[in-house]
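*Asks:* After the structure tokens below, expect a handful of questions from me.
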Amino acid sequence: SVAVPLSLIATFAVMWLFDFSLNNLSLMALTIATGFVVDDAIVVTENIERYLEQGKSRMEAALLGAQQIGFTVLSITVSLLAAFIPLFLMGGIIGRLFREFALTLGAAISISALVSLTLTPMLCGQWLNKRRGHAGQRWFARFEQRYGQALEWVVGHSLWMLLLTLGMIGVAVVLFIQLPKGMFPQQDT
């Protein structure tokens, strides 16, 4: 709950530093980055929680968990950043558009790795406790049961689901034909 907003706010600071505007591409980069930010924080927290379940103290679990998963988070971060290098180096007008996208996403990914390897373990070492409450498990069991019921209904009504899918594809085609198209969205400044 702290890592995601902090990483995105720091990304806004980087955008401000580079004088980027808040347009469709930078918003898309922030939307995509949210998934990476959440993923980094979850991977670190789950590893720390695993050590807590083994009986380690909070601080010991945080140190061991972050130390063990650190290289993995860094290697994933470097791999993701490498994937955006072609967008950053692209030329022309399209390159100028995607450079802002790539830098925004790269900043968010980098900041997320930093937060996940520093702040997340520190907070886990201070506040994370062993799982005690059964209320969450009961809630998840009810959710799983309702999901199973819904899935059985969908499978039992496969003809209706096929017709619904075909209808949605039809609506998407009609919207694609009717909506105005252009290289730049009109609302971007």
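The values are calculated or read from the model by the stated rules, or taken from the named source; none is laboratory data. Given the structure is predicted, the values throughout are model-derived calculations rather than measurements. Cβ: placed from backbone, ideal geometry, glycine included. Neighbour counts: every protein chain shown. Heads up: the accessible areas ignore ligands, DNA and RNA and are worked out on the full protein's heavy atoms, side chains in. Shrake-Rupley method; radii C 1.70, N 1.55, O 1.52, S 1.80 Å.
*Asks:* Taking the options Ser79, Ser116, Ser75, Ser110, name whichever one is touching a residue at least 40 places away in the same chain (Cβ under 8 Å), part of a helix (DSSP H, G or I) and within 24 Å of the chain's Cα centre (by Cα).
*Replies:* That would be Ser116, the only listed residue that is touching a residue at least 40 places away in the same chain (Cβ under 8 Å), part of a helix (DSSP H, G or I) and within 24 Å of the chain's Cα centre (by Cα).
*Asks:* Here are some conditions: (1) modelled with pLDDT of 90 or more; (2) open to solvent by 40 Å² or more (accessible area, probe 1.4 Å); (3) aliphatic (A, V, I, L, M); (4) farther than 16 Å from Ser110 by Cα. Ile48 meets all but one. Which one does it not meet?
*Replies:* The failed condition is (2).
*Asks:* OK, next. Tell me whether segment 38-45 contains one or more residues that are assigned to a helix (DSSP H, G or I), at pLDDT below 90 and open to solvent by 50 Å² or more (accessible area, probe 1.4 Å).
*Replies:* So far as segment 38-45 goes, yes, one or more of its residues are assigned to a helix (DSSP H, G or I), at pLDDT below 90 and open to solvent by 50 Å² or more (accessible area, probe 1.4 Å).
*Asks:* Answer with yes or no whether Trp139 is assigned to a helix (DSSP H, G or I), at pLDDT below 90 and open to solvent by 40 Å² or more (accessible area, probe 1.4 Å).
*Replies:* So Trp139 fits the description; yes.
*Asks:* On to the next question. Hey, can you tell me all the residues within segment 15-37 that are part of a helix (DSSP H, G or I), open to solvent by less than 60 Å² (accessible area, probe 1.4 Å) and of a type in the set (Ser, Thr, Tyr)?
*Replies:* Ser26, Thr34
*Asks:* Need the failing condition index for Ala66 against (1) aliphatic (A, V, I, L, M); (2) at pLDDT 90 or above; (3) over 17 Å from Leu117 (Cβ atoms), just the number.
*Replies:* (3)
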